[in-house]
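Single-structure report; data block below.
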Amino acid sequence: MKSPINSSYLIFLICSLFACQSEVDNQKTTSTISIKQQQIPDKIDFNFHVKPILSDRCFKCHGPDKNAVEGDLSLATKEDAFIALGKDKNRYAIIPHQADSSALVHRIFTENADDIMPPPESNLKLEKHEKEILKKWIEQGAEWKEHWSLIPPEKTAIPAIQNESWAKNELDYFVLAKLEANQLRPNQMVKPTKLLRRLSFDLTGLPPTIEELNIFLADDSPNAYEKQVDRLLASPAYAEHRAVQWLDIARYADSHGYQDDLERIAWPWRDWVIHAYQKNMPYNQFVTWQLAGDLLPNPTLEQIVATAFNRNHKITQEGGVIPEEYRTEYVADRAQTFSTAFLGLTMECARCHDHKYDPLSQKNYFQLFSFFNNVPENGQIQPYGAIPKPFIKLTKKEIDGVLSFVNNLDTMAEIPLMVMEEMAKPRQAHILNRGAYDQPTEAVFPNTPEAVLAFDKKYPTNRKGLADWLFAKENPLTARVAVNRLWQQLFGVGIVSSSDDFGNQGALPTHPELLDFLAVKFREEGWNEKAMLKYIVLSATYQQSAKTTPELLEIDPENQLLARASRLRLSAEMIRDHALTISGLLSKEVGGPSVKPYQPDGLWAETIGGGGGSLAKYNQDEGYKLYRRSIYTFWKRTVPPPSMMTFDATTRDLCTVKRQRTSTPLQALVLMNDPQIIEASRILAQNAVTKGTTSAERITTIFQWATSRKPTTDEMETLTDYLAEEIQYFQAAPEKADEYLAIGAYQIEYTIEKPEMAAYAMVASAIFNLDESISRG
Amino acid sequence: MEKIIKDRSYLLNRRNFLAKSSVGIGTAALSSLLGMNMFNSSKNGILTPTNGGGTKGIIENLHFAPKAKRVIYLFQSGGPSQLDLFDYKPLLNERRGEDLPESIRKGQRLTGMTSGQANFPLAGSVFPFQQYGQSGAWISDLLPYTSKIADEMCIIKSMHTEAINHDPAITFFQTGSQQPGRPSMGAWMSYGLGSSNDNLPSFTVLLSRGTGRPAGQPLYSRLWGNGFLHSLHQGVQFRSGKDPVLYLKDPAGIDRASRRRMLDKLASLNHKQLEEFGDPEISSRIAQYEMAYRMQTSVPEVMNVDNEPDHIYKMYGPDSTQPGTYAANCLLARRLAENGVNFIQLYHMGWDSHDNLPTQIKGQAMDTDQASAALVMDLKQRGMLDDTLVIWGGEFGRTNYSQGALTANNYGRDHHPRSFSIWMAGGGVKPGIVYGETDEFGYNIVENPVHVHDFQATTLRLLGVDHEKLIYKYQGRRYRLTDVHGKVVNDIIA
């Protein structure tokens, strides 16, 4: 198997569109896509055209779950799919080159309701073009291939392109080759101001300052852009921004998550994550420490702190539960987090039965489960409010010494932290019938799914061995999944759009060779994340303009071909941090205990029962703690911060590698009325007033802070009119200006009359509400 | 009236504005600027506009003729005692204090709160029961108002669930899964059926605290969460007080006209960006601001009960004048239903009577009895009961034996998932029936069991939805409210 992915796929626009189809069938497909889908490719490819159909419509009864197989036919493997069927063993589902004799073709085309596949009661059906694809595939010889993501990536050849002058590095060859195959041209380069804005948000989650923009614009050295990349990658803001995504993956929270949802201290681990990103710890080391830091030879305290990753799951304190039931959930959560975060597989689907779509058995699931089953823990927090074992106490001496990355802002004498510990004698794990804690059947031992990669005997059968297995050169998933997430951070969508599912039901890579090229590069160059991010942002592909045309939208609505940059709404954290940055309110403090900024009154109090301890009531912080980056906002799982949730933050109940990006009326309400944003607007306005003397100068400053560019004449006219209207409004009712300017805790001296000041504050608020202000294009 | 005219002139201005600017705007952008809902239909299950106002859900054509158009779910959080309300078991009084026979318990799971008890003394209710209505339903004296609507109610005495603790049990009822992460019933309904109005969320939530046991069970915002569905489908909490929806109220110093001015400028500036970048997300954003603006008017209007006549307050009871009470929330539920909100979820806390049950349940019944009945009758007198499904019930029931000491007039009851009672009314449910039966100990179901998934399937069926066809594909798997279970209880459908 030389090259896992044949380059001839590139000619099919349909590949990428298929990927979209396979992701979801909830949608009413747009006409554009459905027209394209109905084109039958000349050469049918098993992985790209056939398997998505088989998996999605047939595997439920003819798939990897042996106990669910109907009619003795499984289409999950080549051996099973070509087996002789019937009493006389004389029928075949698939006979290569003989579509008319293949039972599969007969059964999907028949109009006989008793015979038709899928059967009507399954609520599944095949579209006409899908039937034709299956038929044509058999006519062409029914070539079978392994699932693409389970074949180890190999360094792919750089494709030839016509317009070589456009490319800035190898990455661009892959992208341009596909564009050229589709008779498309890449977009023009984005304007420098927009580029720096994009880069700053993507790498640090923060906007560029006006000074930074000016420096960049004035720098005519050939590596001016690269200098900016290096500057941003070296900043603490980079580490904080990267950590946000890791907290989603690690389901980090400041509370235990079930029922009374008591407080937990987990933030020293969060500080470690920021620290690790700051010093660009290689990904393999970063993950190994978190998975198995305690099992490394002579582990350091820092390595043990890293293992808190595996204790971030929810823990119950509810009276009357059966502890073992919940302990089983915690182990399952660790196993699920492992498979989602590092393998991009939905292992949890194999907890109750063999996986319906992927070659993962229930036994595989519980073998993986058993790696995480040996923690000396209790399923229930007892007594009420206790710190769940096992945990360590970080002493002041340690924090001043080897753990100097822990920001002990509240100067606690010692800080408890739940970490991993391995029992001297492992707990015996079993396959649990239907996944239930009280129905153990066959005993199982730590092992990994052979369909991914067999567990080499040289590895210890514990979490350390699991980490070794994960980073083995032969592991087909680890590097692809990781590099796909880095791509997702920069383009909004991964090369595999289902960054949480690389299995049969997941999306197919839009640029398979590129994904493999990047995966191998990432691994071979030492799992160096900053280097990989730098490599990608230096590409011409990344530096394209986001402008689009109706024609291009029609051809490629999801931007899978990358003939433009994506225009993306900022995340929940970025939006708030943006407002804090441009107003100058943002605290530069890194790490420390989580903080409680503005939140509507009463939210915690109205949902608690009798308990809740320190989290029964939201005690809003004061001073600089109101202005810390959003990564530090206190996360109570059962009542997460509402403004963040409105902008699609995750609940942190489970490992999440990809957030939604929605647009809703509630978002408009937050941006217009959240005191955090209004306060930032009035401070921003005052700063602009100080900086300029004319209204045009002042409006320009505000506008530039919010959008990273100067307003056009047209825009300036609109905003000047608006300022005049608001001055008139507040002059007619000066008390309203007083009220508006008093919102938020931050006190400043206003240097102009309040009605005029309030009008500027309204202008700032309006500007911050622009779609452009909360987007990076 | 003046406001309406102003709003219309705004629309006209927008229309002129668009007529003047020529290039690059599709009809989508036009409709959004005109203030109609413009949601892209896409894989996230976003709503699409309908001609008659509101937005369409993912279901193109309902699978069945719908009996109900909307649901008001009166969730009684904590687990009300069926044995003191609807499931009359005189045997428990006759054999009061005797140990629960093993032949009945059959070694079934108990919670950790009573599994260690040396014995399980049978505890009959201290509250008398009488028969009401044409079905002769037994209802306890705790519910004098509810008993009067017996002929409207379908009492299900044979509910059962899989979970025995609060968090998993309430999560199971609301999302079909004991573990967090799935969409709530209301979110599923919004996703499937869309919304009937342009000014209010399709799924709203109202909370109240019980007086029987004020320090009861907590609630979690995930109970009304959208899970993996688009966030437009999340339940929006309506609260008493000055900001009925979070962040709804304009800040101090800003009035409606001033907000309108800002939105006009925003729309105009955003539109320039749309022309330059052609990103349809920008037109969606403009539409969302218009919807937000309308909500700012329509939510306070619907929450303002000042114009309700006295006889309505009288009907719902004295609490109904106190914002934030269950009774006030019932009245609001009716107003939300009238204004096109299709899933209205109330949570009343405090039913978790492990001890002092006779005292605690009195308070809970006082909180809820009159207003629940009034809501049903109020809907009826407005002709809305026929297409409004009202559901009353908790996450599980309570044991027939006393938790802790049984004394002459005091006892507690532990959680009991094996049998409990809920009731439904209106919305195509057979009125005036009692469905299902438990054994004479009130412990096990002996007739017509209804599982939580059956209940969910039946609710969807009443709305015209086949629970096996309302699916959302997430991480490669097709999810349903009913997971892979659920049978419609046809016997209770009219």
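The values are calculated or read from the model by the stated rules, or taken from the named source; none is laboratory data. Since this is a predicted model, take the numbers as computed values, not measurements. All Cβ positions, even for glycine, are placed from backbone atoms using ideal geometry, and neighbour counts span all protein chains on display.
Highlighted here are the strands (runs of 3 or more DSSP E) found entirely within the range B:427-494 that include at least 1 residues which are under 28 Å from B:Asp414 (Cα atoms) and in contact (Cβ under 8 Å) with a residue 60 or more places away in the chain: B:433-435, B:445-447. Selection of the range B:180-197 for residues being part of a loop (DSSP other than H, G, I, E, B) and either within 11 Å of chain A (Cβ to nearest Cβ) or among the hydrophobic types (A, V, I, L, M, F, W, C) (or both) yields B:Pro180, B:Gly181, B:Arg182. Would you be able to say whether some residue in the range A:530-551 is free of Cβ contacts under 8 Å to residues at least 40 places away in the same chain and of a type in the set (D, E, K, R)? Scanning the range A:530-551 turns up at least one residue that is free of Cβ contacts under 8 Å to residues at least 40 places away in the same chain and of a type in the set (D, E, K, R).
Hey, any hits in the range B:174-186 for a residue that's within 23 Å of A:Ala605 (Cβ to Cβ) and either without any contact (Cβ under 8 Å) to a residue 40 or more places away in the chain or not assigned by TED's automatic domain parsing to the domain that holds B:Met349 (or both)? No, there is no match, as no residue in the range B:174-186 is within 23 Å of A:Ala605 (Cβ to Cβ) and either without any contact (Cβ under 8 Å) to a residue 40 or more places away in the chain or not assigned by TED's automatic domain parsing to the domain that holds B:Met349 (or both).
Please tell me if A:Ile743 is assigned to a loop (DSSP other than H, G, I, E, B), among the β-branched types (Val, Ile, Thr), within 39 Å of the chain's Cα centre (by Cα) and in the same structural domain as A:Met716 (by TED's automatic domain parsing).
Numbers: assigned to a loop (DSSP other than H, G, I, E, B): yes; among the β-branched types (Val, Ile, Thr): yes; within 39 Å of the chain's Cα centre (by Cα): yes; in the same structural domain as A:Met716 (by TED's automatic domain parsing): yes.
Yes, satisfied.
Just one of the numbered conditions (1) in contact with a Gly (Cβ under 7 Å, 6 or more places away or on another chain); (2) of a type outside the set (A, V, I, L, M); (3) buried (at least 24 other Cβ atoms within 10 Å of the Cβ); (4) in a loop (DSSP other than H, G, I, E, B) is not true of B:Thr204: (4). Scanning the range A:596-630 for residues that are more than 14 Å from every other protein chain (Cβ to nearest Cβ), crowded, with 22+ Cβ neighbours inside 10 Å and not in a loop (DSSP other than H, G, I, E, B) turns up A:Tyr627, A:Ser630.
Here A:Arg576, A:Arg637 are screened, and the one residue that is assigned to a loop (DSSP other than H, G, I, E, B), within 14 Å of chain B (Cβ to nearest Cβ) and in contact (Cβ under 8 Å) with a residue 60 or more places away in the chain is A:Arg637.
Any residue at all in the range A:504-525 that is in contact (Cβ under 8 Å) with a residue 60 or more places away in the chain, touching a Ser or Thr at 6+ places or on another chain (Cβ under 6 Å) and charged (D, E, K, R)? Checked the range A:504-525: at least one residue is in contact (Cβ under 8 Å) with a residue 60 or more places away in the chain, touching a Ser or Thr at 6+ places or on another chain (Cβ under 6 Å) and charged (D, E, K, R). Every condition in (1) assigned to a loop (DSSP other than H, G, I, E, B); (2) touching a residue at least 24 places away in the same chain (Cβ under 8 Å) is met by A:Pro297 except one, and the failing one is (2). Taking the condition in contact with a helix residue (DSSP H, G or I) (Cβ under 6 Å, 6 or more places away or on another chain), surrounded by 19 or more Cβ atoms within 10 Å (Cβ to Cβ) and of a type in the set (Gly, Ala, Ser), does B:Gly436 pass? Taking the combined requirement at face value, the residue does not satisfy it.
The set of residues in the range A:726-777 being surrounded by 24 or more Cβ atoms within 10 Å (Cβ to Cβ), of a type in the set (Phe, Trp, Tyr) and over 24 Å from A:Tyr624 (Cβ atoms) consists of A:Phe730, A:Tyr760. In the range A:663-696, the residue that is nearest to the chain's Cα centre (by Cα) out of those that are surrounded by fewer than 20 Cβ atoms within 10 Å (Cβ to Cβ) and in a loop (DSSP other than H, G, I, E, B) is A:Gly692.
Taking the condition of being more than 14 Å from every other protein chain (Cβ to nearest Cβ) and either within 30 Å of A:Gln317 (Cβ to Cβ) or within 35 Å of the chain's Cα centre (by Cα) (or both), how many residues in the range B:94-127 meet it?
14
Considering (1) hydrophobic (A, V, I, L, M, F, W, C); (2) farther than 30 Å from B:Glu301 by Cβ; (3) under 19 Å from the mean Cα position of the chain (by Cα); (4) surrounded by fewer than 23 Cβ atoms within 10 Å (Cβ to Cβ), the lone condition that B:Ala408 does not fulfil carries the number (3). Scanning the range A:725-745 for residues that are within 11 Å of chain B (Cβ to nearest Cβ) and within 18 Å of B:Leu263 (Cα to Cα) yields A:Glu725, A:Glu726, A:Gln728, A:Tyr729, A:Phe730, A:Tyr740. Considering only residues that are free of Cβ contacts under 8 Å to residues at least 24 places away in the same chain and of a type in the set (Gly, Ala, Ser), look in the range A:165-224 and name the one that is farthest from A:Arg629 (Cα to Cα). The qualifying residue farthest from A:Arg629 (Cα to Cα) is A:Ser165.
Given the options A:Asp354, A:Asp333, A:Asp358, name the one that is surrounded by 22 or more Cβ atoms within 10 Å (Cβ to Cβ), more than 27 Å from A:Ser614 (Cβ to Cβ), under 23 Å from the mean Cα position of the chain (by Cα) and among the charged types (D, E, K, R). Lay out the reasoning, then the answer.
Working: A:Asp354 fails: under 23 Å from the mean Cα position of the chain (by Cα); A:Asp333 fails: more than 27 Å from A:Ser614 (Cβ to Cβ).
The conditions single out A:Asp358.
Filtering the range B:244-261 to residues that are free of Cβ contacts under 8 Å to residues at least 12 places away in the same chain and over 13 Å from A:Leu666 (Cβ atoms) leaves B:Pro251, B:Ala252, B:Gly253, B:Ile254, B:Asp255, B:Ala257, B:Ser258, B:Arg261.
For the range A:487-528, residues that are part of a loop (DSSP other than H, G, I, E, B) and among the aliphatic types (A, V, I, L, M) total 5.
Return yes or no: is B:Tyr289 away from every other protein chain (no Cβ under 14 Å), part of a helix (DSSP H, G or I) and crowded, with 16+ Cβ neighbours inside 10 Å? No, not satisfied. Listed by position, the strands (runs of 3 or more DSSP E) enclosed by the range B:316-419 that each have at least 2 residues that are under 21 Å from B:Pro144 (Cβ atoms) are B:343-348, B:388-393.
The lone criterion from (1) at negative phi; (2) within 11 Å of chain B (Cβ to nearest Cβ) left unmet by A:Trp705 is number (2).
Among the residues making up the range A:418-435, those that are assigned to a loop (DSSP other than H, G, I, E, B) and touching a residue at least 24 places away in the same chain (Cβ under 8 Å) are A:Val419, A:Met420, A:Glu421, A:Glu422, A:Met423, A:Pro426, A:Arg427.
B:Gln237 falls short on exactly one of the conditions (1) under 30 Å from B:Ile282 (Cβ atoms); (2) surrounded by fewer than 24 Cβ atoms within 10 Å (Cβ to Cβ); (3) more than 14 Å from the chain's Cα centre (by Cα), and that condition is (3). For the range A:295-317, a residue qualifies if it is surrounded by fewer than 23 Cβ atoms within 10 Å (Cβ to Cβ) and either within 26 Å of A:Arg523 (Cβ to Cβ) or at pLDDT below 95 (or both), and the qualifying residues are A:Leu295, A:Leu296, A:Pro297, A:Pro299, A:Thr300, A:Glu302, A:Gln303.
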